Amino acid sequence: MKLPTSKLPHLGTTIFTKMSKLAHEHKAINLSQGFPDFSPDPILLEEVTRAIHSAKNQYAPLQGIFSLRQTLCYKLNKLYGSNYQPETDITLTAGATQAIFTAISAFVKAEDEVIVFKPAYDCYEPAIELYGGKPVLIQMQAPNYQIDWEEVAAKISSKTKMIIINSPHNPSGKILQQKDLEKLQQLVKGTNIIILSDEVYEHLVYDNQKHFSVARFPQLAERSFITYSFGKTFHVTGWKLGYCVAPKELMTEFNKVHQYNVFCVNHPMQVAINAYLQNEQHYLGLAEFYQQKRDLFLSLIKDSRLTFTPSQGTYFQTASYKNITQEKDTDFALRLIKEKGLATIPVSVFNKNQQDDSMLRFCFAKKEETLKAAAEIINKL
Ligand code: PMP
Ligand code: GLN
């Protein structure tokens, strides 16, 4: 049989899978794909055991169990001054990835334009393209990765259906400030543009800075989907659980898709997470926990030939290796795995036209011993 033409002919396997596989093959220290190499809190695991033995093993409600939706809306409204309602404005998803895919697929049609800031996490553009939409790419420039709002104003057209933002930002580790959100609010005022705000790293913001969720801005929140991930917050990326909030009218369309691409998500895990979330410290303590890891990693590599400014958020640090070699970042990253035993992510894979700024991304969600072993390699480069 002749295969039909691919809907995504230019796509291969994600860089995360590629790099983790190579890391495994070459027994390299893996600071590439973003996941912790330490265990989640035993209290959370006990809650899971309890939930699995509590007869909550059949389908959950389509939007997720009500008690968890209540807890999450309460948490969001308390943190960001928003007004999300558990009955209508929230749905539990199979990770943020499914939330993002569902929000895009519920709205983006052929010829619609979606503004995406590069470097960008890699699941946005394929979803847009699958539905015939056109990603309109705006490149943020290394090393500061600021959004040029004048460029955004120039790129908004009558075809703009959606703008996707991500703060704290993967891969740059930068965060959007109040003035950025205000600018966005001005630009979309009077339009029908939907905002998709990917906030999976909401609790990973350092140096006493604040997370500017779109939920803090009523005029943005009224047109926004916001996506979150328990994988990031509770060190359980393998659970693939997250959620999405938006006003009722937007969520109604979201749920029309959600009910047919997954229907509902893991029931006992929802019960366990709801119990665990009752202690605020379980998420409010995260910034301090990861800031210590960032600071340890940066102090260990401060005399290396990498140059960097401390990550403001996420569990990623980007650094320039311009003082080490002129190689392409993809070549250098490969050589680092094969010859030096260290896996990282070359940032060009997230950039428009694979723009190469000699930057690598390092994940510091690792045990102290892993960070020390990685630093030893980095310091010899
Ligand atoms: N958005 C960003 C910016 C991410 O880094 C990730 C990676 N986990 C996701 C979304 C997807 O989250 P999940 O693993 O919950 O699907
Ligand atoms: N979010 C993770 C990262 O940026 C990867 C998730 C995945 O492998 N799909 O590394």
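The values are calculated or read from the model by the stated rules, or taken from the named source; none is laboratory data. Predicted model only: the values in this text are computed from it and were never measured. In this analysis, Cβ positions are derived from the backbone assuming ideal geometry, glycine residues included, and neighbour counts consider all displayed protein chains. These area figures cover heavy atoms from the full protein model, side chains too; ligands, DNA and RNA do not enter into them. Shrake-Rupley method; radii C 1.70, N 1.55, O 1.52, S 1.80 Å.
Under 6 Å between Cβ atoms, at least 6 apart or on separate chains: pull out the pairs that start in region 118-138 with a residue that is closer than 13 Å to PHE107 by Cα and assigned by TED's automatic domain parsing to the domain that holds SER197 and end on any residue that is within 12 Å of ligand 1 (Cβ to nearest atom) and open to solvent by 40 Å² or more (accessible area, probe 1.4 Å). Filtered contacts from region 118-138: ALA127/PHE101. Determine, yes or no, whether PHE230 is away from ligand 2 (no atom under 16 Å from the Cβ) and closer than 29 Å to ILE163 by Cβ. No; evaluated as a whole, the condition is false for this residue.
Take LEU130 and tell me if it is surrounded by fewer than 16 Cβ atoms within 10 Å (Cβ to Cβ) and over 18 Å from the mean Cα position of the chain (by Cα). For LEU130, the condition - surrounded by fewer than 16 Cβ atoms within 10 Å (Cβ to Cβ) and over 18 Å from the mean Cα position of the chain (by Cα) - is met. Being over 27 Å from GLN292 (Cβ atoms) and touching a His at 6+ places or on another chain (Cβ under 7 Å) holds for only one residue in LYS338, LYS322, LYS352, and it is LYS338.
A residue that is assigned by TED's automatic domain parsing to the domain that holds PRO218 and open to solvent by 50 Å² or more (accessible area, probe 1.4 Å) can be found somewhere in region 69-76. Looking only at residues in region 291-308 that are part of a loop (DSSP other than H, G, I, E, B) and loosely packed, with under 14 Cβ neighbours inside 10 Å, which one is nearest to the chain's Cα centre (by Cα)? Result: LYS302.
For region 77-117, a residue qualifies if it is open to solvent by less than 50 Å² (accessible area, probe 1.4 Å), part of a loop (DSSP other than H, G, I, E, B) and aliphatic (A, V, I, L, M), and the qualifying residues are ALA94, VAL108. In region 310-333, the residues that are on the phi > 0 side of the Ramachandran plot reach residues that are of a type in the set (S, T, N, Q) and open to solvent by less than 40 Å² (accessible area, probe 1.4 Å) with C-beta atoms within less than 7 angstrom, at least six apart or across chains, in these pairs: THR314/ASN170. How about region 344-359: which of its residues are in a helix (DSSP H, G or I) and either crowded, with 16+ Cβ neighbours inside 10 Å or of a type in the set (Phe, Trp, Tyr) (or both)? Within region 344-359, VAL347, SER348, VAL349, PHE350, LYS352 qualify.
Taken together, the residues in region 44-68 that are within 17 Å of ASN279 (Cβ to Cβ) and either open to solvent by 80 Å² or more (accessible area, probe 1.4 Å) or in contact with an Asp or Glu (Cβ under 9 Å, 6 or more places away or on another chain) (or both) amount to 2. Would you pick out the residues in region 51-76 that are part of a helix (DSSP H, G or I) and among the aromatic types (Phe, Trp, Tyr)? Result: PHE66, TYR74. Of the numbered criteria (1) part of a loop (DSSP other than H, G, I, E, B); (2) open to solvent by 40 Å² or more (accessible area, probe 1.4 Å), the one GLU288 fails is (1). Could you figure out which of (1) open to solvent by 10 Å² or more (accessible area, probe 1.4 Å); (2) within 20 Å of ASN170 (Cβ to Cβ) isn't true of GLU327? Unmet condition: (2). Inside region 10-50, residues that are without any contact (Cβ under 8 Å) to a residue 40 or more places away in the chain, in a helix (DSSP H, G or I) and within 15 Å of ligand 2 (Cβ to nearest atom) make up a count of 4. The single condition among (1) under 29 Å from PHE212 (Cβ atoms); (2) in contact with a helix residue (DSSP H, G or I) (Cβ under 7 Å, 6 or more places away or on another chain); (3) buried (at least 20 other Cβ atoms within 10 Å of the Cβ); (4) not assigned by TED's automatic domain parsing to the domain that holds ALA374 that LEU31 does not meet is (4).
Yes/no per residue for (1) touching an Asp or Glu at 6+ places or on another chain (Cβ under 8 Å); (2) within 23 Å of ASN77 (Cβ to Cβ); (3) within 16 Å of ligand 2 (Cβ to nearest atom):
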residue	(1), (2), (3)
HIS169	no, no, yes
LEU184	no, yes, no
ILE194	no, yes, no
VAL200	no, yes, yes
HIS203	no, yes, yes
ASN208	no, yes, no
PHE217	yes, yes, no
ILE226	yes, yes, no
HIS235	yes, no, yes
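The residues of region 118-140 that are farther than 12 Å from VAL347 by Cβ and more than 16 Å from ligand 2 (Cβ to nearest atom), listed by number, are ILE128, GLU129, LEU130, TYR131, GLY132, GLY133, LYS134, PRO135, VAL136, LEU137, ILE138.
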